[in-house]
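J.: Handing you a structure now.
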Amino acid sequence: MNKIIIAPSILSSDFANLESEIKKLEKNGADWVHVDVMDGHFVPNLTIGAPVVKALRRVTNIPLDVHLMIENPEKYIKDFALAGSDIITFHYEAAKNNVDYLIGLIRSYGKKVGLSIKPKTKVSEIEKYIKDVDLILIMTVEPGFGGQKFMPDCAEKTSEIKNISKQVIVEVDGGVNIETATYCKKLGVDALVAGNYIFSSDNIKEAIASLR
């Protein structure tokens, strides 16, 4: 990929003004909107569900990059697909015995498929699925809360993934700022998820541009 994809995470946005926050991202150069879905079980935090994705879909045409940090993702794929998600990413750790089924289920709704791994999960554990998905999401922090410190050794999994498939999009999520983005790009990362760095900036356009 020539152009790095910037996917701001709305986890760090003003939830009381989500429509205006999304419009702000559109206006200032975001490529995707990253939607963190947490259930309070798979990760120790609780966020939003399919109704919010549906509401976002009504106010934007920007691709919705939906990251399911939930147990039993198979129960909710239909809801998120029908709500208007463009990419649906589930966690390998939440579906180790169900990965092939989930890939097929997401594809049956015409959506792109993402597979995410936590920091301690090795690329070798997901190797056989890499060519079957559109995106691999590498967590560079422990999933659940924003504002954590970036783990460079996790981002280094990019080269292993790219050795298996040059076509798959490698996305990094966690602790992304201008310094860590530069590191990720050198590794060959295709997409960056950033929350605090973008939404805490006084100039969102400059923040997004700086990550490129």
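Only the coordinates and a few stated rules stand behind these numbers; no lab work does. Keep in mind that what you see is a predicted model, and the values were worked out from it rather than measured. As a convention, Cβ positions derive from the backbone with ideal geometry for all residues, glycine included, and neighbour counts pool all protein chains shown.
J.: Can you report the principal axis dimensions of the stretch 50-136 using only the alpha carbons, biggest first, rounded to whole angstrom?
T.: The Cα atoms of the stretch 50-136 stretch 40, 22, 22 Å along the principal axes, largest first.
J.: For the stretch 132-205, what percent of Cα pairs sit more than 14 Å apart?
T.: Cα-Cα pairs in the stretch 132-205 separated by more than 14 Å: 57 percent.
J.: Given q = 0.12, 0.19 Å⁻¹, what are the Debye log10 I(q)/I(0) values for the stretch 5-211, with equal point scatterers placed on the Cα positions and solvent ignored?
T.: -0.54, -1.49
J.: Continuing with the same structure: Whose amide H sits under 5 Å from the amide H of Ala194, counting only residues 5 or more places off or on another chain, with H placed in the peptide plane?
T.: When sequence neighbours closer than 5 places are left aside, the close amide H contacts are Ala7, Ser9.
J.: Only counting other Cβ atoms within 10 Å, I'd like Lys111, Lys205 sorted with the fewest neighbours first.
T.: Going from sparsest to densest Cβ surroundings: Lys205, Lys111.
J.: Mind listing the phi-derived Karplus ³J(HN,Hα) values for the stretch 50-67, rounded to whole Hz, using 6.51, -1.76 and 1.60 with θ = phi - 60°, and x for any glycine or proline?
T.: 4, x, 6, 4, 4, 5, 5, 4, 5, 10, 8, 9, 5, x, 9, 9, 9, 10
J.: Could you work out the helix-only [θ] at 222 nm for the chain, with each DSSP H run of four or more residues adding -39,500 (n - 2.57) and the total divided by the number of residues, to the nearest 500 deg cm²/dmol?
T.: Dividing the helical sum by the residues of the chain leaves -9000 deg cm²/dmol.
J.: Which peptide among 121-128, 90-97 comes first, and what is the full order, when sorted by highest mean count of other Cβ atoms within 10 Å?
T.: Descending mean neighbour count gives 90-97, 121-128.
J.: Related question: In percent, how large is the relative contact order of the chain, given Cα pairs closer than 8 Å and 6 or more residues apart?
T.: 21 percent
J.: Right, here's the next one. Fewest to most neighbouring Cβ within 10 Å: what's the order for Met69, Met38?
T.: In increasing order of surrounding Cβ atoms, one gets Met38, Met69.
J.: Going by C-beta contacts inside 10 Å, put Tyr183, Tyr76 in order with the fewest on the left.
T.: Final ranking by Cβ density, sparse to dense: Tyr183, Tyr76.
J.: A follow-up question, please. Classify the stretch 35-87: rounded, prolate or oblate, from the alpha-carbon gyration tensor (a ≥ b ≥ c, eigenvalue square roots; a/c under 1.5 rounded; otherwise prolate if a/b is larger than b/c)?
T.: prolate
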